[in-house]
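Engineer: Below is one structure. I have some questions about it.
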Amino acid sequence: MEQLKNIGRELAIGSQGSSKEFLELVKAIGEAKSKAEEERLVMEEIEMLKKKIVEPDVPRKRMKEYIVRLVYVEMLGHDASFGYIQAVKMTHDDNLLLKRTGYLAVTLFLNEDHDLIILIINTIQKDLRSDNYLVCCAALTAVCKLINEETIPAVLPQVVELLGHQKEAVRKKAVMALHRFHQRSPATVADVISKLSMKIMHDVDPSVMSACLCVLFDLISADANSYRHLTNSYVCILKQVVEHRLPKQYNYHNAPAPFIQIKLLKILALLGTGDKGASNNMYNVLGDVLKKAEPSGNIGNALIYECISTITAIHPNSKLLESAAAQTSRFLKSESHNLKYMGIDALGRIIKINPDFAEEHQLAVIDCLEDPDDTLKRKTLELLYKMTKSSNVEVIVDRMICYMKTLTDSHYKTDIASRCIELAERFAPSNQWFIQTMNQVFEHAGDLVPPKVAHDLMRLIAEGAGEEDEDADSELRSSAVESYLQILVEPKLPSLLLQVICWVLGEYGTADGTHSAAYIIERLCDVAEAHPGDDVVKVKGYAISAITKVCSFEIAAGKKVHLIPECQAFIDELSASHSTDLQQRAYELQALFAFDSSVVGAVLPFDGSADDIEVDQSLPFLNHYVKSMLSKGAKPYIPANERQAATTLASQHVESYVSSHSLRFDPYEKPQMPIMALTPVTTLQSDDQSIDISQKATQVFQPSFDADTPSSEATRLRLEGVQRKWGRPSYNNNSASSSAGAERSTNGASNGLDIEKASGGKQGIVPQEPKYVSDRNKQPEISAEKQKLAASLFGGVTSKADSSVRSSGRSQKQASTNRHVGTAKRMQTVDPVDSRAQASLPAATAPPDLLDFGEEEVAIAASSKDPMKDLEGLFDNTGSVPSSQPTAPVTNLPNIDLMSLYDSDLGLGSGLVSSIRVPDMIPENLPNNDSGDRLTVLDGLVTTSGAVAGPKVQGETSASSAIKKGPSLESSLEKHARSRQVGVTPTGPHPDLFKDLLK
Amino acid sequence: MIHFVLLISRQGKVRLTKWYSPYTQKERQKVIRELSGLILTRGPKLCNFVEWRGLKVVYKRYASLYFCMCIGAEDNELECLEIIHHYVEILDRYFGNVCELDLIFNFHKAYYILDEVLLAGELQETSKKSVARVIAAQDTLVENAKEQANSLTNIISQATK
């Protein structure tokens, strides 16, 4: 039996073309029972290869096999660097077979900055000039991987030459190589690319054109403005691709060249961003792509998703947005997790333009949030992060923290912790909530939070809300103290949190009188003992400083401090510590006991951290000293700027003198003082003589650099007024970004007006009520729990718009008050405390169902209620609407606009098309009958999008059957026999190995 | 841009790796370990994407083999899924009902084909026919070269006898 097996294996050698040992190795590794066994096998192989590879006169074919084995070893994660040089040598070989193996190996082994690359450059240069196009291809593949910034000039001329090669495969690879060069170092290839981009763009071969799109995408994302004039030619190309004008071989599952379409859509998104004219030209073709993409197949959905991305990136168009919204709804309602994921992403894009859209899908979003699929959950949290506002921040941050607790992956944990902090900083409803949230974040991700956050938190506690309400502040502090005393019980707190805790306990532990000094000190002593570790010195420092403060407050208040024995022991321990810092702190504390209350009170005043430190820059207390020194003959002080002027004068003089020398001996120019953009919190009069320096840590001394205006500017401290929200604004903060804010507010306003106008008062606020009921009927199993969550997440959607309406001008006051009342009503109905009451009130958060096209269509036809249309109109004349013409008739603007866009498109488009030298791709009938098509396409968009949204099942089967498979039965039998020869039997440990991948 | 391509079997064995962004050998091992832990444990109905270190990994299972591609945060996941499928279809056409065993023993061929589909982290060829043509041309050339080499070695061996 054993012999038979061996015979079989020997037979296999001939059939496979590789040597017996190698097949054995692959097989043995395949059958290895454990990782350790696999390691051992690979190590043996490496030892063997090390010996064999350096033997003299290894036949080249043998060497080729060794190199393939090296690749295998490296692929399994072991170091094969001893053989790299052999692979490099192999690229020098004249035989293409060996050369190709060599190139494959070096591209897999070497990164672009490896030392050995220098040995290959010459070969690559030679091969790029080869007559054989396969050699060129191999070299170009290597170029893409191995050439770095310094070596680009060595091969650039050859690569550029190959752009005109007769074989399209070579041209394509040359373009890709240029793309790679551009990624590495845009400057070196900039002029080449700018010269060639138009020429190669119009290559006859679609593959070359598609490769060129990669380059163009990079160029355009770097600088969209210089490529805007090309918009029309991209639109034309996309149109032709959609119309199946490319050869059939580029079709993929019946979709016409979808990968090229996606690349073009990405480019259009870049070109259309913030450019209304360019966007206008795209609307038609985007509608076409959206309409023609098969929603049943994966590739169709990929196209649709890309379309949504483009539509939401460019200047908005109501009809397209509507279709995009419909497709997003379809994604969200799909059974497939992939589509749900994409739907959540698309939703995030759409709500940037129309925040109300999220409301319709609240239940779908909540389903995704509670889905067991981790990826989906993360994506949903990301979406929630984007739509957070002050009304729902508590729920969202709570969710995030819950999720954060379950995480082990520090990368994502950092991410989500910083998001929690950002949201809390921006939207916190109360300081108390803020402190509590921060505590949670610190507790679960303390090591991953930047220290600045802790300082901000301490400052908040110290300074309160920034208003003159001492009671609220002290209440805040005592609640902080309480919460920290609770947290201290828990083991293993991160050192950053300990810092905050110690500081707060030290400053305010005894402030409200509920806790005795002895108790606080005891707890502080425990802190240091309970947290040994790397940061033990730091933690002890925090604790001793806090104890010092508590003691000094006691002394200052005239009470006698009795140190409990643990504390005394702690102080003694620290005074003998290796750390000089700890020693000093301990001695300082002991020294304090010697002073009386007035001195201690002056040294460490209570709540001193909130006081402003005032510094007089002219340092008047030194006047006396200066005078005495001057009288003794010292040089008078020259201010820095005068001194500088003097030196530059001198150096100019010197320069003119020694200008003939190449070396400069004068010092470097002094760096310019940066002009600080500070908001002065305290302005000090210059005659103020007092200097009050206290040692509170969170304050930063910041002298003013402006010496010219001493009286008004004087000196000041950087004490950015601590408000409730001090985080930086992001794109989500609608009211912060001025233009978006204006648009939004007008939008909200005219929505209000419009609704009022159209409804005649009756359905002002709850026009979608009946639909919501039907929605509820459809899904009766939705639990009250979920609805409550939905209400708390989405319930406040209108409040934002509402506030912006209020601010947008008096002329709309009527509307805004109307809205406001409605919102109040709504808020009342979604009171999350009483879920039963909410369930019985169907008006709560009525989502209009966009998928429900029947109704929607009627609504559009009947009146101008469609909010999207209003949106479009408003965008068109943003300038005039908010101030003077609140009731401007905006509803029929889109149509006019489309007509004109179309006309201009035609003129430009046909001109450009004729310049493209692709006979196959020029639409012959572009001039007139096409125009009818385009218009009807857009007109028909609304009416037909229902059909697009509906699941089209046709075509799926034909798509899968279109793939031509090999002769299945024969070949698999053959393979089976072959593998049996090798000695691997299907009954072995992994019978799956024989399964066809595509089945 | 595609940062890397991994083929991992259900048992966590590496079948093919291709790195388009620079990773050291150590990092590569870490990436493979991390990702096989993430991906192999996922259930069948979950979505085919994993967010990972600010990037996205799109994977698809064919029989017992997982094809994974790591793409940037701005890339289209569904498109990437189709790129994987595109590659598998080309493999299938080349090997005729491709199975894992084909890739195990002919991994270098899988590399050659991958080099024709992806280049420098971008999809370079969307036509299956074009890929097949180039691969076939290479193969015939290789065959010719082999014969030539054989005849040469024969001549040499006979001459040196």
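The values are calculated or read from the model by the stated rules, or taken from the named source; none is laboratory data. All values reported here derive from a predicted model rather than from experimental measurement. Note: ideal-geometry Cβ built from the backbone for every residue, glycine included; neighbour counts use all protein chains shown. Only protein heavy atoms, including side chains, enter the accessible area calculation; ligands, DNA and RNA are left aside. Shrake-Rupley method; radii C 1.70, N 1.55, O 1.52, S 1.80 Å.
Engineer: Condition (residue is part of a loop (DSSP other than H, G, I, E, B), open to solvent by less than 10 Å² (accessible area, probe 1.4 Å) and more than 8 Å from chain A (Cβ to nearest Cβ)) applied to region B:112-124: is it met by at least one residue?
Structural biologist: yes
Quick grid of which residues meet (1) part of a loop (DSSP other than H, G, I, E, B); (2) open to solvent by less than 10 Å² (accessible area, probe 1.4 Å); (3) within 11 Å of chain B (Cβ to nearest Cβ):
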position	(1), (2), (3)
A:Tyr227	no, no, no
A:His244	yes, no, no
A:Phe259	no, yes, yes
A:Lys263	no, no, yes
A:Ser279	no, yes, no
A:Leu303	no, yes, yes
A:Cys307	no, yes, yes
A:His315	yes, no, no
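Engineer: Kindly establish whether A:Thr123 is touching a helix residue (DSSP H, G or I) at 6+ places or on another chain (Cβ under 7 Å), over 24 Å from B:Ser21 (Cβ atoms) and polar (S, T, N, Q).
Structural biologist: Yes; evaluated as a whole, the condition is true for this residue.
Engineer: Considering only residues that are acidic (Asp, Glu) and either modelled with pLDDT under 85 or open to solvent by 80 Å² or more (accessible area, probe 1.4 Å) (or both), which ones fall in region A:40-60?
Structural biologist: Those that are acidic (Asp, Glu) and either modelled with pLDDT under 85 or open to solvent by 80 Å² or more (accessible area, probe 1.4 Å) (or both): A:Glu44, A:Glu47, A:Glu55, A:Asp57.
Engineer: Going by the structure shown, is B:Ser21 small (Gly, Ala, Ser) and crowded, with 18+ Cβ neighbours inside 10 Å?
Structural biologist: Spelling it out, it is not the case that B:Ser21 is small (Gly, Ala, Ser) and crowded, with 18+ Cβ neighbours inside 10 Å.
Engineer: A follow-up question, please. Could you please give the count of residues in region A:349-360 that are farther than 16 Å from A:Pro316 by Cβ and either surrounded by fewer than 24 Cβ atoms within 10 Å (Cβ to Cβ) or polar (S, T, N, Q) (or both)? Even if it seems obvious, please write down each step before you answer.
Structural biologist: Of all residues in region A:349-360, those farther than 16 Å from A:Pro316 by Cβ come to A:358-360.
Pick out the ones that are also either surrounded by fewer than 24 Cβ atoms within 10 Å (Cβ to Cβ) or polar (S, T, N, Q) (or both) and you get A:358-359.
Matching residues across region A:349-360 total 2.
Engineer: Would you list the helices (runs of 4 or more DSSP H) that sit entirely within region A:114-218 and hold 1 or more residues that are among the acidic types (Asp, Glu) and open to solvent by 10 Å² or more (accessible area, probe 1.4 Å)?
Structural biologist: A:152-162, A:168-184, A:186-201
Engineer: Is it fair to say B:Leu65 is modelled with pLDDT of 90 or more and either at the interface with chain A (Cβ under 7 Å from one of its Cβ atoms) or touching a Gly at 6+ places or on another chain (Cβ under 9 Å) (or both)? Quick ask: steps written out before the conclusion?
Structural biologist: Values: modelled with pLDDT of 90 or more: yes; either at the interface with chain A (Cβ under 7 Å from one of its Cβ atoms) or touching a Gly at 6+ places or on another chain (Cβ under 9 Å) (or both): yes.
For B:Leu65, the condition - modelled with pLDDT of 90 or more and either at the interface with chain A (Cβ under 7 Å from one of its Cβ atoms) or touching a Gly at 6+ places or on another chain (Cβ under 9 Å) (or both) - is met.
Engineer: Just checking, which of B:Leu38, B:Leu16 is open to solvent by less than 30 Å² (accessible area, probe 1.4 Å) and either in contact (Cβ under 8 Å) with a residue 12 or more places away in the chain or assigned to a loop (DSSP other than H, G, I, E, B) (or both)?
Structural biologist: Selected residue: B:Leu16, the only one of B:Leu38, B:Leu16 that is open to solvent by less than 30 Å² (accessible area, probe 1.4 Å) and either in contact (Cβ under 8 Å) with a residue 12 or more places away in the chain or assigned to a loop (DSSP other than H, G, I, E, B) (or both).
Engineer: Follow-up. Hey, among the residues in region B:46-58 that are open to solvent by less than 10 Å² (accessible area, probe 1.4 Å) and in contact (Cβ under 8 Å) with a residue 24 or more places away in the chain, which one's farthest from the other protein chains (Cβ to nearest Cβ)?
Structural biologist: B:Val58
Engineer: Among the residues of region A:503-518, are any free of Cβ contacts under 8 Å to residues at least 12 places away in the same chain and either over 36 Å from the mean Cα position of the chain (by Cα) or open to solvent by less than 20 Å² (accessible area, probe 1.4 Å) (or both)?
Structural biologist: Looking through region A:503-518, at least one residue is free of Cβ contacts under 8 Å to residues at least 12 places away in the same chain and either over 36 Å from the mean Cα position of the chain (by Cα) or open to solvent by less than 20 Å² (accessible area, probe 1.4 Å) (or both).
Engineer: Go through the residues of region A:170-179 one by one and say whether even a single one is under 25 Å from A:Leu264 (Cβ atoms), more than 9 Å from chain B (Cβ to nearest Cβ) and either of a type outside the set (A, V, I, L, M, F, W, C) or in contact with a strand residue (DSSP E or B) (Cβ under 9 Å, 6 or more places away or on another chain) (or both).
Structural biologist: Yes, because at least one residue in region A:170-179 is under 25 Å from A:Leu264 (Cβ atoms), more than 9 Å from chain B (Cβ to nearest Cβ) and either of a type outside the set (A, V, I, L, M, F, W, C) or in contact with a strand residue (DSSP E or B) (Cβ under 9 Å, 6 or more places away or on another chain) (or both).
Engineer: Now for a separate question. Hey, among A:Leu476, A:Leu493, A:Leu498, A:Leu448, which residue is modelled with pLDDT under 80, within 29 Å of A:Tyr412 (Cβ to Cβ) and open to solvent by less than 20 Å² (accessible area, probe 1.4 Å)?
Structural biologist: Unique residue meeting the criteria: A:Leu493.
Engineer: Go through region B:68-95 and give me each residue that's free of Cβ contacts under 8 Å to residues at least 60 places away in the same chain, open to solvent by 10 Å² or more (accessible area, probe 1.4 Å), facing chain A (nearest Cβ under 10 Å) and in a loop (DSSP other than H, G, I, E, B).
Structural biologist: Across region B:68-95, the qualifying residue is only B:Glu74.
Engineer: Considering only residues that are out of contact with any Gly (no Cβ under 6 Å at 6 or more places or on another chain) and more than 8 Å from chain A (Cβ to nearest Cβ), which ones fall in region B:25-39? Quick ask: steps written out before the conclusion?
Structural biologist: Step one: filter region B:25-39 for residues out of contact with any Gly (no Cβ under 6 Å at 6 or more places or on another chain), giving B:25-28, B:30-35, B:37-39.
Residues satisfying the conditions are B:Lys26, B:Glu27, B:Lys30, B:Val31, B:Arg33, B:Glu34, B:Leu35, B:Gly37, B:Leu38, B:Ile39.
Engineer: For A:Tyr72, work out the one condition from (1) within 9 Å of chain B (Cβ to nearest Cβ); (2) of a type in the set (Phe, Trp, Tyr); (3) open to solvent by 30 Å² or more (accessible area, probe 1.4 Å) it doesn't fulfil.
Structural biologist: Tallying (1) within 9 Å of chain B (Cβ to nearest Cβ); (2) of a type in the set (Phe, Trp, Tyr); (3) open to solvent by 30 Å² or more (accessible area, probe 1.4 Å), A:Tyr72 fails exactly one: (3).
Engineer: Can you name the residue in region B:128-148 that is within 27 Å of A:Ile147 (Cα to Cα) and open to solvent by less than 20 Å² (accessible area, probe 1.4 Å) and is also modelled with the lowest pLDDT among such residues?
Structural biologist: B:Val142
Engineer: Limited to region A:317-345, what total is found for residues that are within 14 Å of another protein chain (Cβ to nearest Cβ) and open to solvent by 10 Å² or more (accessible area, probe 1.4 Å)?
Structural biologist: 9
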